[in-house]
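Please treat every number below as a calculation from the coordinates, not as lab data. Everything numeric in this text was worked out from a predicted model, so none of it was measured. Positions of Cβ are backbone-derived with ideal geometry, glycine not excepted, and every protein chain shown enters the neighbour counts.
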Amino acid sequence: MSNEPVLEIRNLNVDYGLGDVGVQAVRDVNLTLHRGEVLGLAGESGSGKSTLAYGLTRLLPPPGVITGGQVIYHPEDGKPYDVLGLTDRELRAFRWAETAIVFQGAMNSLNPVHKVSTQLNDVLEAHEPTMSARDRDARCREMLKLVGISGDRMDAYPHQLSGGMRQRVMIGMALILQPQVVIMDEPTTALDVVMQRQILGQIIELRERLGFSVIFITHDLSLLVEFSNRIAIMYGGRIVEEAPASTLYRDSLHPYSAGLLGSFPALRGPRRELSGIPGSPPDLKGMPSGCSFHPRCPKAFDPCADNIPVLGRPDAPDGATRSVACWLHPVKEPVG
Amino acid sequence: MTIPTSSVEQVIPGQGAMAQPEDRKPAKAKRRRFRFVSNAKAATGLIIIGIYLLFAIIGPWIAPYDPDAQSEELVQPPSAAHWFGTTHLGQDVLSQILVGTRGVMVVGLTAGVVATILSVVVGVTAGYLGGGWDDSLSALSNVFLVIPALPLIIIVASSVSAGSLIVALVIGLTSWSWGARVLRAQTLSLRRRDYVEAARATGETTWRLIFFEILPNLTAIIASGFVGTVIFAVTAEITLAFIGIGGISNWNWGEVLFWAQSQQALAQGAWWWFIPAGLAIAFLGTALSLVNFGIDEFVSPRLRSAGKTKIKTASGHTVRMRVGFTPVLANTAEPHTHATTTPVVRKVGPS
């Protein structure tokens, strides 16, 4: 893992709807994904984590619109460019070749009337039309083997595979063009814990072999702590804290992160009461003034109700590697 | 068993009072009236149909001449006295078309309503109730599907001295089966959806399930079936008149075309004889299709909620919102927050 960025999100804003009736789902998000790293994106339902991921790939269905920001992609060789400035044709070529997505339900992402091989082949036919049929076939077979499915399942239909196998096929399909960035939107939510562990292990192993970066979206923070390099916590459409996974787990700065971490039990260590977070997520149509978390925050004080805290490096010993948006932790230098 | 509220309070302390600030009122999305009409396609279609309906009602009164009245001016091109010219008997073409509108509209709409009601009743019943109902009703609609409608109408219309209402009923009774099959298929798919199962689990009655859970999802299909049948009925009636079947006493556009054809209007260069009637048919078909497009967009909440679908992007193009290519309205790295509120970055120093 290097410190070289592969995807830089700068002040990304996403709305649903236009003008007055619009709802701001993602606000001023700054995030950098480095080469070869797993970046976890966590938060409650409705915090904007999926919207962020689909917004940066411009996959949001209407009425979603991007109202501002840049998404700078750094290809392995060549100059960085803004994904949001691409034309439709360039965007088509960019997708899957540079960024791939593994969707939530593998059962719905595979077409039930086509063989697995046909669907894998489709990707190659669209993006590498010069490839011969034999090469394509060999590549599909290799890809399936890579995700732990034997080559004789090539001609299987999706219903003949188990849920875990289908999700593996989806991961294989995402990696078939060797993209630099893979976005995973709760890829293991529909699977049992044993299969979850296997698939996550496989993703880690593949990442070490192929060197892609992962944006991993989930509401399961315990999963991220174990599995990702860095974690970004979202609340009300903003990133409230971002830190290396172990740092975040050991001492989280934002009360919301602390609340999330306090809502699942540790395997070892002294017993403690599970606290949870009081209240419910904010209504995006009428966000609270100031810090959007202040009505639920146990540590809220004067400035929280009026001023929105900016995301920035906190004044802490390890402040250079993390950022937080909270008035409890004065910011030395804002991010972005 | 009821859960005492206090136990909920213990688990989630302060829920409600603390969760959201009380004073703010959510910016309520304005509920727009006449939303359907604000759709340009639907509005255009409705205006044209409205004009047709108006002429259907007042046509015979505002017609400048009696459509049967003969005069000395034979096959005259359009003039101030005869806006659409005259026929070989000196009849006024404009009056014929105005008087003929009523028959066309009555037949079209009656046949459309009859066929739509039949197709909804048969299709939804067969799809929802299943079993023996499905078998027998499917068999019935299959039989009606293979009955050739136009020859049947010709036979009925030529044997009975048929008024336009009889023609409308025959068209309606023979053209419902296609719609019924489509509705049956869609109902079969809908009745196993989770939200229908959930409604059934909450104890809703069969009738409520059909009318409140299933029918709203069929609106687009029903509407397009209605519009399709109306277009079919209008063309069928005009065809009948054009080939010379149907009452000579009832003027309609097909009748005009029949006389134009039999007197070789084209060879005579009398374009005013057939072009107005042809355009009247074409505009009616266009208007009905436009309304159909409008209904399609209107009944899908997903398409409706967006309001505006065309939007100007950062690159200066005006694009249609569509799946897979989210429009980018601004492409600068300027944060939005600084523009509205000014958060203070507090200076950190030794304290």
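Of note:
- The sum of -39500 (n - 2.57) across all DSSP H runs of n ≥ 4, divided by the residue count of chain A, sets its helix-only mean residue ellipticity at 222 nm to -8500 deg cm²/dmol.
- For chain A, averaging the sequence separation of C-alpha pairs within contact (under 8 Å, six or more residues apart) and dividing by the residue count gives a relative contact order of 19 percent.
- Charging the Cβ of each Asp and Glu at -1 and of each Lys and Arg at +1, and nothing else, the dipole of chain A about its Cα centre rounds to 540 debye.
- Over every Cα atom in the protein assembly as shown, the radius of gyration and the widest Cα-Cα span, Dmax, amount to 33.5, 111 Å.
- Two-decimal Rg/Rh across chain A, once Rg and the Kirkwood Rh are taken from alpha-carbon atoms: 0.98
- Listed cross-link partners A:Lys49/A:Lys285; A:Lys49/B:Lys41; A:Lys115/A:Lys145; A:Lys49/A:Lys145; A:Lys79/A:Lys145; A:Lys285/B:Lys310 are compared with a 26 Å cut-off, the Cα-Cα value being larger for A:Lys49/B:Lys41; A:Lys49/A:Lys145; A:Lys79/A:Lys145.
- Packing here is the average count of other Cβ atoms within 10 Å per residue, and on that basis the peptides B:207-219, A:158-170, highest first, run A:158-170, B:207-219.
- Estimated FRET transfer efficiency when R0 is 51 angstrom, pair A:Arg250-A:Ser132 (beta carbons, to 0.05): 0.45
- For the stretch A:47-159, alpha-carbon Rg relative to the globular expectation (2.2 N^0.38 Å, N residues): 1.26
- Chain A: DSSP helices with Cα axial extent of at least 24 Å and average Kyte-Doolittle hydropathy no lower than 0.0: A:193-210
- Relative contact order (percent, whole number), the stretch A:148-243, Cα cutoff 8 Å, 6+ residue spacing: 23 percent
- Across peptide A:272-285, the average count of Cβ atoms from other chains found within 10 Å of a residue's Cβ is 3.
- Mean separation of Cα contacts under 8 Å (6+ apart) over length of the stretch B:180-296, as relative contact order %: 21 percent
- Here is the list for the stretch A:206-287: GluC sites (Glu not before Pro) lying in DSSP coil, each with at most 10 other C-beta atoms within 10 angstrom of its C-beta, are A:Glu273.
- Across peptide B:315-327, the mean count of Cβ atoms from other chains lying within 10 Å of each residue's own Cβ comes to 5.
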